[in-house]
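Input: a single structure, listed below in structure tokens.
The values are calculated or read from the model by the stated rules, or taken from the named source; none is laboratory data. The structure presented is a predicted model; accordingly, all values stated were derived computationally and were not measured. Glycine also receives a Cβ, built like all others from the backbone with ideal geometry; neighbour counts cover every protein chain displayed.
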Amino acid sequence: MVNLSVIIPAYNEEALISKTIGDYLKFFRKQKLDFEINVILNGCTDNSLEVVSEISRKNKEVRFVDIRQPIGKGGAVIEGFKVAKGSLVCYVDADGSTSPVALNELIDKIGDNSGAMASRYLKESKILRKQPVTRVVASRGFNMLTRLMLGLNFKDTQCGGKVFRKEAINNIMNNLVVRGWAFDVNILYLLKKKGYSVIEVPTVWSDRKESKLKMHKAIPNMFFALLKIRFK
């Protein structure tokens, strides 16, 4: 039985995906863990499919799903949940912002909980490369809204690295209603409603992408996404 399923949603990541997959392969092979890596290609128009297909051909742990139409990061992660075989499932960003060591820390710390997630805003965390100011403002504002509207008392719901028990995910997957910014919050809110426990873990994290966030669009989108989660 597979112990760990690593899900990597990818949209036009031909420049970074090879190194990210290679880093995870090298690390978890050394850990002698029974693992798989599921890359979910989502609406890619570059050579991501060719790159991932070649990696998969040479490495039995790597599988991929190619979804031609854009379904959002959340939609891609859901597709990853569907094909994951591990008793633990996790998802990480394709750019490698969450290192294999940081992901393994979540696995080690999950304990009896149903989930463990990396947090950039705990005092013990180390940020090697900071996010652009616009994204920090949006992240902090979104976090405040999740506390007020959903009662989720986490410091950082949006950090890329998260690990969950597959049985808990299976119990909420059919009730996920959002695919964009608030996807992570949707998972956490449903797990809370079902009585599952999720912990935050300090992380070592490095931003790898320039922000394309448009604040005038992001703020109302955040608000309406949270309304959708709360009332559906």
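General remarks:
- Scanning the range 106-128 for residues that are surrounded by 15 or more Cβ atoms within 10 Å (Cβ to Cβ) and in contact with a Phe, Trp or Tyr (Cβ under 6 Å, 6 or more places away or on another chain), we see that the one that is nearest to residue 155 (Cα to Cα) is 120.
- Complete set of residues in the range 153-177 that are surrounded by fewer than 21 Cβ atoms within 10 Å (Cβ to Cβ), assigned to a loop (DSSP other than H, G, I, E, B) and touching a residue at least 60 places away in the same chain (Cβ under 8 Å): 176
- Identification of helices (runs of 4 or more DSSP H) wholly contained in the range 17-124 with 2 or more residues that are in the same structural domain as residue 158 (by TED's automatic domain parsing) yields 100-109.
- Out of 121, 11, sole residue that is among the aromatic types (Phe, Trp, Tyr) and under 20 Å from residue 178 (Cβ atoms): 11
- Scope the range 26-67; condition among the basic types (Lys, Arg) and modelled with pLDDT of 95 or more; matching residues: 26, 29, 30, 57, 58, 60, 63
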